[in-house]
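Chemist: Can you read through this structure? Questions will come right after.
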Amino acid sequence: MATPFFGKRENETPTGVRPGAANSYGTTGSSGTLQSASQTASQQNAAKSVSEAAASASAAKEGGSKLTVGPNIKLKGVEITDCDTLVVEGLVEATMDSRVIQIAEQGAFKGSAEIDVAEIRGEFNGNLTVRQKLVIYSTGKVTGTIRYGKLVVEEGGQLSGEIMFGALGNTKPASVSKPGLQAV
């Protein structure tokens, strides 16, 4: 009889594996083929991740950097660089140049930002340059100096201040909305 120091016994179950939990040892089906439970779970998770990424047009590229400022967090007086996606659920007072900004309903951003894609569900106040697409959802409110490439405003979304079409050199002024006026 072998001791645990020199080898495992043949009928011994692996330690650290809960009964009924998926493991990497696999199971034998009725056809006699070895099928790994962890591979099946990995494939399901990968399929779920792919569908979620396809659903979100502004999802960060794989391996991209993402900064999330959670609820009740205040981040003040910083310069944010080399960040692919900034998710604001709290309060951020900063200057930034990034690829994507997502402001949640309870989130607020004050300062200056140069972004490729902006999705605003909360509040933005300051200088905003969106090189590609600015999306203001029904709960969103954007005020200040705004430049954009493409603009989408959901019913109920608010946009006020100095608003210009053309994020880079094209500065053809768009109609300036008055505070309290809602775009449809």
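Chemist: Quick one: count up the residues across the stretch 120-132 that are under 14 Å from V88 (Cβ atoms) and surrounded by fewer than 23 Cβ atoms within 10 Å (Cβ to Cβ).
Modeler: Selection size over the stretch 120-132: 5.
Chemist: Can you list residue pairs whose Cβ atoms sit under 8 Å apart, with the first residue in the stretch 112-131 being in contact (Cβ under 8 Å) with a residue 60 or more places away in the chain and the second being part of a strand (DSSP E or B) and among the charged types (D, E, K, R)? Count only pairs 6 or more apart in sequence or on different chains.
Modeler: Close Cβ pairs (under 8 Å, with a partner that is part of a strand (DSSP E or B) and among the charged types (D, E, K, R)) amount to V117/R99; V117/K133.
Each row is one residue, and each column tells you yes or no for (1) among the charged types (D, E, K, R); (2) over 19 Å from V69 (Cα atoms); (3) touching a helix residue (DSSP H, G or I) at 6+ places or on another chain (Cβ under 8 Å); (4) part of a strand (DSSP E or B).
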residue	(1), (2), (3), (4)
V87	no, no, no, yes
F109	no, no, no, yes
F124	no, no, no, yes
R131	yes, yes, no, yes
L151	no, yes, no, yes
L159	no, yes, no, yes
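Chemist: Identify all residues within the stretch 65-113 that are farther than 21 Å from I146 by Cβ, out of contact with any Gly (no Cβ under 8 Å at 6 or more places or on another chain) and not charged (D, E, K, R); write none if there are none. Working first, answer last.
Modeler: Just the residues of the stretch 65-113 that are farther than 21 Å from I146 by Cβ, to begin with: 65-78, 81-82, 84, 89-90, 106.
From what's left, out of contact with any Gly (no Cβ under 8 Å at 6 or more places or on another chain): 65-68, 76-78, 81-82.
Passing the criteria: S65, L67, T68, G77, V78, T81.
Any read-out appearing in this document is the output of simple, stated calculations on the displayed coordinates, not a laboratory observation. If you're wondering where the values come from, they're calculated on a predicted model, not measured in any experiment. Here Cβ is always computed from backbone atoms with ideal geometry, including for glycine, and neighbour counts include all displayed protein chains.
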